[in-house]
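Asker: First the structure, which I've put down as structure tokens, then a few questions once you've had a look.
What follows is calculated from the coordinates using simple rules that are stated; it is not laboratory data. Just so we're clear, the structure is a prediction, and the values are computed from it rather than from any experiment. Backbone-built Cβ (ideal geometry, glycine too); neighbour counts: all protein chains shown.
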């Protein structure tokens, strides 16, 4: 139905290579998220999928058919734009039915679909309004309604929530997830918000400099990042990176004036490469107040840490201290009642710690 | 208190200046109108600024239907119609072409489209005199010399540079994502223009039509060079009327004729002037 195969797609503008060989195989009904910093090529890739731009080389298959050279209207793809791109002079009903009108769907059929879509998105009371008379959230719904009306094979979402305020964004995020559950249509979704990526996606493609750095489930991306870029991009606050000496498979960190050897889960791989300095990667939630963690018993270390800043966030408290002269973030329970100050007793869990090559930033283990 | 008083004096000065300038600019119009309603005796004997003592339509009727323009004595009426026949198609055609050009140059960029726009822009700065001879030659080749069609063609060609500039700059402010959305909705090049762009274009159409109308109606040079005896526009006829003297000069007829020639553009500004200003600033405010 709506599977999408992106095979070695490249895009150059003159000498500049925006996309350098993208390969992604999207299953029918899958929710794929393209995530990456601005300028990584994710919007260009989106436009190529939509047919608004031509790929320089490579092919694109939709439901098993080559559509590399097909015009946008022949691809059966609908898109929700960041700016919503609602037609300013048409009312909501006409905005939703315009695509059907262009495809010569009879009037009664159009009215029925508009009705159905409006009910689904709870905008049936707005059908006579112009886009300028709608709030941001309502415009967002209309934009989605316009895409839904045509029941396309694939939906494209180009940063659809970035113009909404924080509360509405969370609300619409849930709506989109529900909608996907209900319709089961393939979705390709571009965002630079890693929380959106983690919460919505079946699979995430993390992009940088026109290359897919890693393609995997949110869990794989979060827990098994392929390189320092992916590890640093996903997660908020990001993973802590500390350059460390490695001795006997243990990373040496200096905290509050004392040195501590931390046991690494991948000592063999580091030894096999003959490295004695690596970048240690450890998530903030692995640095906590002392608490029992029976399954990771072997990986727990206690040490004291000087907290420079403590940021209570309600559910968590973020505290910032230093290891080896580098800021590290830790995620504490507010119940621990931590305050800024010297020599706070903490617990470090290295069961999921990772190590990166200092030169290349690639994951060692 | 002191600040308030100096503010008032400043205001007073400004209003006085404005009033003085307004009077200065309106004076000729006043003289033209009053003179056109006087008879020739009163003009010879009376004061230039005095109101007509015995208002008469004689001069207006003569200017419209029987004053001599060269050897013919039919008044301005036939030439007024010539001007209408030139202006209406020239305005419509140049505006439509400009709208399509602007649409393409802002939303359907192609290799060299910026260069093309630059060259069109250059057309705005070409003086009339430069193209007189080549254009005369071209019109002769086309068999359009001394015809209304020929004059329409000249004005369309000359106007397209301006109308393209207006529309292109207006359409640049329309979000390109609307075009993309409409493309995905399956709309074609012309369908997008008709359904998305035309409905938002009222301000710029107003500006362009007013601009083109005044330019072409007021044109004298092209009119005098490319017209024949039966196809002269009103500006040329007015010139001939004023320069044709049989016996004494009839200032009242000259004045009435000048007002008739200027009337359409005057009316356009009086009735559509505010839309003109609004249209010019519409893009700026919307950003």
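Asker: If you line up the Cα atoms of chain A on their principal axes, what length do they span on each, largest first, in Å?
Answerer: Between the extreme Cα coordinates on each principal axis of chain A lie 77, 45, 36 Å.
Asker: What's the long-distance tail for the range B:127-206, i.e. % of Cα pairs beyond 21 Å?
Answerer: For the range B:127-206, the share of Cα pairs beyond 21 Å comes to 50 percent.
Asker: Taking the Cβ-Cβ separation of residue A:276 and residue A:326 as r and a Förster radius of 25 Å, what is the calculated FRET efficiency to the nearest 0.05?
Answerer: After rounding, the FRET efficiency stands at 0.85.
Asker: Something else about it: Can you tell me the FRET efficiency between residue A:258 and residue A:220 if r is taken as the Cβ-Cβ distance and R0 is 30 Å, rounded to the nearest 0.05?
Answerer: With R0 = 30 Å, the Cβ-Cβ based efficiency is 0.25.
Asker: Here's another thing I want to ask about it. Antiparallel as a % of all DSSP beta bridges within the protein assembly as shown, to the nearest 5? Write down the numbers at each step before the final one.
Answerer: Numbers: 61 of 79 bridges.
Looking only at bridges with both residues in the protein assembly as shown, the antiparallel portion is about 75 percent.
Asker: Can you give the FRET efficiency for residue A:74 and residue B:198, using 1/(1 + (r/R0)^6), R0 = 22 Å, r = Cβ-Cβ distance, to the nearest 0.05?
Answerer: Efficiency, rounded to the nearest 0.05: 0.30.
Asker: Mind putting together the pair-distance distribution for the range B:128-287? All Cα pairs, 10 Å bins, whole percent per bin, short to long.
Answerer: 9, 26, 27, 22, 11, 3, 1, 0
Asker: Moving on to the next point. When the expected Rg is taken as 2.2 N^0.38 Å, what fraction or multiple of it is the alpha-carbon Rg of the range A:74-132?
Answerer: Working it through for the range A:74-132, the quotient is 1.12.
Asker: Continuing with the same structure: Rounded to the nearest 500, what is the protein assembly as shown's calculated 222 nm mean residue ellipticity when only DSSP H runs of at least 4 contribute -39500 (n - 2.57) each, over all residues?
Answerer: -15000 deg cm²/dmol
Asker: Further question on the same structure: Enter the Cα centre distance for the pair the range B:246-269 and the range A:194-215, rounded to the nearest angstrom.
Answerer: 75 Å
Asker: Using alpha-carbon pairs under 8 Å, 6+ residues apart, how would you state the relative contact order of chain A in percent? Before the final figure, lay out the partial values.
Answerer: On the way: 754 pairs, mean separation 56.6, N = 365.
The value is 15 percent.
Asker: Something else now. In Å, what is the Rg of the alpha-carbon atoms in the range A:171-293, and how long is Dmax?
Answerer: Looking at the range A:171-293, its Cα Rg and Dmax stand at 18.3, 57 Å.
Asker: Quick one: compute a quarter of the convex hull surface over the Cα atoms of the range A:269-352 and quote it in nm².
Answerer: If you wrap the Cα atoms of the range A:269-352 in a convex hull and average its projections, you get 6.2 nm².
Asker: Find the centroid of the Cα atoms in the range A:76-147 and in the range A:299-365, then give the distance between the two in whole Å.
Answerer: Cα centroid of the range A:76-147 versus Cα centroid of the range A:299-365: 48 Å apart.
Asker: At 4 °C and 1.567 mPa s, grab the translational diffusion coefficient of chain B from Stokes-Einstein with a Kirkwood Rh over Cα pairs, rounded to a whole number in µm² per second.
Answerer: Roughly 58 µm²/s, to the nearest whole number.
Asker: Using 0.36 nm per residue of separation minus the Cα-Cα distance, give me the extension gain between residue A:236 and residue A:129 in nm, one decimal. Display every interim value, and only then the final one.
Answerer: On the way: separation 107, 0.36 × 107 = 38.52 nm, distance 3.94 nm.
34.6 nm is the gain from fully extending residue A:236 to residue A:129.
Asker: Can I ask one more? Highest GNM mean-square fluctuation, chain B, Cα pairs closer than 10 Å: which of B:261, B:50, B:16?
Answerer: B:16
Asker: Now for a different question. Mind pulling the angle between the C-alpha long axis of helix B:251-286 and the longest principal axis of chain B? Nearest 10 degrees, somewhere in 0 to 90.
Answerer: Here the helix axis deviates by roughly 30 degrees.
Asker: Separate question: Using the Kirkwood radius over Cα pairs, work out the Stokes-Einstein diffusion coefficient for the range B:35-124 at 25 °C and 0.890 mPa s, in µm²/s as a whole number.
Answerer: 138 µm²/s
Asker: Using a Gaussian network model on chain B with a 10 Å cutoff between Cα atoms, which of B:92, B:192, B:234 fluctuates the most?
Answerer: Its mean-square fluctuation being the largest, the pick is B:192.
Asker: Tell me the Kirkwood hydrodynamic radius of the range A:199-250 in angstroms, computed as one over the mean inverse distance between distinct C-alpha pairs.
Answerer: On the way: mean 1/r = 0.0816 Å⁻¹.
In the range A:199-250 this quantity evaluates to 12.3 Å.
Asker: Please report the Cα spread of the range A:1-132 along all three principal axes, rounded to whole Å, starting with the longest.
Answerer: Result, largest extent first: 48, 31, 24 Å.
Asker: Which one, B:103, B:171, B:25, has the greatest fluctuation when you compute a Gaussian network model over chain B with C-alpha springs under 10 angstrom?
Answerer: Per the Cα network of chain B with a 10 Å cutoff, B:25 tops the list.
Asker: Once you order the gyration tensor axes a ≥ b ≥ c over the Cα atoms, which shape class does the range A:248-306 get: rounded for a/c under 1.5, otherwise prolate or oblate by comparing a/b with b/c?
Answerer: Oblate shape, in that a/c is at least 1.5 and b/c is the bigger or equal ratio.
Asker: Send over the semi-axes of the range B:2-56's equivalent ellipsoid, whole angstrom and largest first, taken as the square roots of 5 times the C-alpha gyration tensor eigenvalues.
Answerer: 39, 9, 7
Asker: So for the range A:303-365, what percent of the C-alpha to C-alpha distances run longer than 19 Å?
Answerer: 40 percent
Asker: How far apart, in nanometres, would the label points at residue B:88 and residue B:110 be if each is projected 7 angstrom from Cα along the Cα-to-Cβ direction?
Answerer: For the pair residue B:88/residue B:110, the computed spacing is 3.4 nm.
Asker: Quick one: compute the contact order of the range A:262-365, relative version, from alpha carbon pairs under 8 angstrom and 6+ residues apart, as a percent.
Answerer: 39 percent.
Asker: So in the range A:4-233, what percent of DSSP beta bridges are antiparallel if you round to the nearest 5?
Answerer: About 55 percent, rounded to the nearest 5.
Asker: Report, as a whole number in µm² per second, the diffusion coefficient that Stokes-Einstein gives for the protein assembly as shown at 10 °C and 1.306 mPa s using the Kirkwood radius over alpha carbon pairs.
Answerer: The calculation lands on 50 µm²/s.
Asker: Cut-off 16 Å, label point 7 angstrom out along Cα-to-Cβ of residue A:25: give me the residues of the range A:215-230 whose amide nitrogen falls inside.
Answerer: Under 16 Å, as judged by backbone N against the label point of residue A:25, lie A:215-217 of the range A:215-230.
Asker: Mean separation of Cα pairs under 8 Å and 6+ residues apart, divided by the residue count of chain B: what relative contact order is that in percent?
Answerer: 28 percent
Asker: A further question on this structure: Please figure out what share of the DSSP beta bridges in the range A:240-356 is antiparallel and state it in percent, rounded to the nearest 5.
Answerer: Taking every DSSP beta bridge with both residues in the range A:240-356, the antiparallel ones total about 100 percent.
Asker: Quick one: order B:201, B:94, A:12 by neighbouring beta-carbon count within 10 Å, fewest to most.
Answerer: A:12, B:201, B:94
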